[in-house]
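Let me begin by presenting the structure, written as structure tokens, before commenting on it.
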Amino acid sequence: MVQTDTPPDLVIPKLIVGLGNPGAKYDRTRHNIGFVAVDALAKSWQISLSDHSKFKGIFGEGAGVNGDKIRLLKPATYMNRSGESIQAVLNWYKLPPESVLIIYDDMDLPLGKVRMRLSGSAGGHNGMKSAIAHLNTQNFPRLRIGIGKPASDPDADSVSHVLGKFSPAETPIVSEVLDLVANSVELSLKQGVAKAMSLYNNRNVIANR
């Protein structure tokens, strides 16, 4: 019997998507942390991103850390229609839904934490609702980046919080979180999403400061 080093259920991303809203007014807001993460990956891997009308987004492809082809996408459809852009890329390259890793913000996670999962619900996130609707499944990996709740009033208007920018005190924490994101994504490309989950889901940037 021939032995293989790659288990049949190993999930290796082929497309990495960062969720956000296009336009200067949303640039570097908490809700756009997915965009920022993809920009950081593109810079690290030296992948050029550019407007791609067919995919309704900002797109680029190149070699990932393991040398295999990887694609990066920032949907330009606005958050609640993100699935249109993601579906366009998957259809064009004939990729299955489980090959996409979506990175997005999560108020239910505190700043400093990330959480990777192989599947799950939208959790109230409009971008993920759209992705699930267009891909017709919840079974695809996702990486949530904690943005926390308003510090002054946890019950305050969530819209103003997610569409606000990180404070000067939060900025260095966000920088460390993006390093954590990059490390977890790179491990998922080398050894699969499950391995990255086991190593990074319990990390906390703030606890290590």
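The values are calculated or read from the model by the stated rules, or taken from the named source; none is laboratory data. Nothing here was measured: the structure is a model prediction, and the numbers come from that model. Positions of Cβ are backbone-derived with ideal geometry, glycine not excepted, and every protein chain shown enters the neighbour counts.
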Test set (1) modelled with pLDDT under 95; (2) part of a loop (DSSP other than H, G, I, E, B) - residue 159 fails condition number: (2)
Only listed residue being of a type in the set (D, E, K, R) and within 14 Å of the chain's Cα centre (by Cα), chosen from 108, 157, 179: 179
Residue within segment 54-71 that is more than 23 Å from residue 180 (Cβ to Cβ), among the hydrophobic types (A, V, I, L, M, F, W, C) and assigned to a helix (DSSP H, G or I) present: yes
Filtered residues of segment 88-110 (kept if under 30 Å from residue 206 (Cβ atoms) and surrounded by fewer than 20 Cβ atoms within 10 Å (Cβ to Cβ)): 108, 109, 110
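Condition check ((1) touching a residue at least 24 places away in the same chain (Cβ under 8 Å); (2) farther than 30 Å from residue 158 by Cα) across all residues:
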residue: 33; (1), (2): yes, no
residue: 41; (1), (2): yes, no
residue: 53; (1), (2): no, yes
residue: 56; (1), (2): yes, no
residue: 89; (1), (2): yes, yes
residue: 109; (1), (2): yes, no
Which numbered condition residue 122 fails, given (1) crowded, with 20+ Cβ neighbours inside 10 Å; (2) under 24 Å from residue 86 (Cβ atoms): (1)
Filtered residues of segment 31-57 (kept if crowded, with 20+ Cβ neighbours inside 10 Å and charged (D, E, K, R)): 56
